[in-house]
1. Considering the stretch B:60-86 alone, what residues qualify as being within 28 Å of residue B:3 (Cβ to Cβ) and basic (Lys, Arg)?
2. Just checking: which of the strands (runs of 3 or more DSSP E) contained wholly in the stretch B:14-75 hold 3 or more residues that are in contact with a Cys (Cβ under 9 Å, 6 or more places away or on another chain) and within 11 Å of chain A (Cβ to nearest Cβ)?
3. Go over the candidates A:59, A:93, A:87 one by one and state the one that is crowded, with 16+ Cβ neighbours inside 10 Å and within 11 Å of chain B (Cβ to nearest Cβ).
4. Are any of the residues in the stretch A:34-44 of a type in the set (Lys, Arg), in contact (Cβ under 8 Å) with a residue 40 or more places away in the chain and on the phi < 0 side of the Ramachandran plot?
5. Can you name every residue in the stretch A:18-30 that is surrounded by fewer than 15 Cβ atoms within 10 Å (Cβ to Cβ), part of a loop (DSSP other than H, G, I, E, B) and touching a strand residue (DSSP E or B) at 6+ places or on another chain (Cβ under 8 Å)?
6. For the stretch B:96-113, give me the residue count where each residue is assigned to a loop (DSSP other than H, G, I, E, B), surrounded by fewer than 21 Cβ atoms within 10 Å (Cβ to Cβ) and facing chain A (nearest Cβ under 10 Å).
7. Every residue in the stretch B:76-93 that is more than 14 Å from chain A (Cβ to nearest Cβ) and assigned to a strand (DSSP E or B), please.
8. Tell me which residues, restricted to the stretch A:86-114, are among the small types (Gly, Ala, Ser) and part of a loop (DSSP other than H, G, I, E, B).
Amino acid sequence: AQTVTQSQPEMSVQEAETVTLSCTYDTSESDYYLFWYKQPPSRQMILVIRQEAYKQQNATENRFSVNFQKAAKSFSLKISDSQLGDAAMYFCAYRVPYGNKLVFGAGTILRVKS
Amino acid sequence: KAGVTQTPRYLIKTRGQQVTLSCSPISGHRSVSWYQQTPGQGLQFLFEYFSETQRNKGNFPGRFSGRQFSNSRSEMNVSTLELGDSALYLCASSQMLGAYEQYFGPGTRLTVT
């Protein structure tokens, strides 16, 4: 069974600085997708970034980028120029290509200090 | 385009009762998935529907059931409610199986007393 581990229950970052959230996963599949979702206090889950396992290039979306290490099964999220609106719970998630089932990590609470 | 809608947004039920939650996907989306979110267990997959067929089911007791209608709207039902069923229930829709994007609804907060 696939598992996703987020070892940082909580992280803090100063506004305008950079923070990296960690995620590791376990799977025997070779083709899959990885995602980072953001859940603010409103509880609305928002997709931040996705990575296809067959792509070697790390995904980037504006201030958000990932460091995808397939051999190490590691998928970290880097947030640059952190903003107060980035404060939320961040979930790392894994999905196989043939369905839509997501396996989530436990989440990391990100606090942004002004 | 309207987003994923879930009704009701909040619900309070008593142990032993049953409950039905509804999810309307984005227009044109044919896949709906359900998740349970609790502080203790985190986000757990319940089931996945595509074109009215259950494609995948999570590790939940038979008290949890669901269905999808021809218009892609989905319902989930929990019978004989237990205190531990108190949770935020999220549904997500996507155009097809294996689609890049899944869009989540705002959730239904169920409290069982």
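The values are calculated or read from the model by the stated rules, or taken from the named source; none is laboratory data. Since the model is a prediction, treat every value here as computed from it, not as a measurement. Because the Cβ atoms are built from the backbone with ideal geometry, glycine has one as well, and the counts that use them run over all protein chains shown.
1. B:67, B:73
2. B:31-38
3. The conditions single out A:93.
4. Within the stretch A:34-44, one or more residues are of a type in the set (Lys, Arg), in contact (Cβ under 8 Å) with a residue 40 or more places away in the chain and on the phi < 0 side of the Ramachandran plot.
5. The one that is surrounded by fewer than 15 Cβ atoms within 10 Å (Cβ to Cβ), part of a loop (DSSP other than H, G, I, E, B) and touching a strand residue (DSSP E or B) at 6+ places or on another chain (Cβ under 8 Å): A:18.
6. Within the stretch B:96-113, residues that are assigned to a loop (DSSP other than H, G, I, E, B), surrounded by fewer than 21 Cβ atoms within 10 Å (Cβ to Cβ) and facing chain A (nearest Cβ under 10 Å) number 7.
7. Answer for the stretch B:76-93, where residues must be more than 14 Å from chain A (Cβ to nearest Cβ) and assigned to a strand (DSSP E or B): B:76, B:77, B:78.
8. A:87, A:99, A:105, A:106, A:107, A:114 - these are the residues of the stretch A:86-114 that are among the small types (Gly, Ala, Ser) and part of a loop (DSSP other than H, G, I, E, B).
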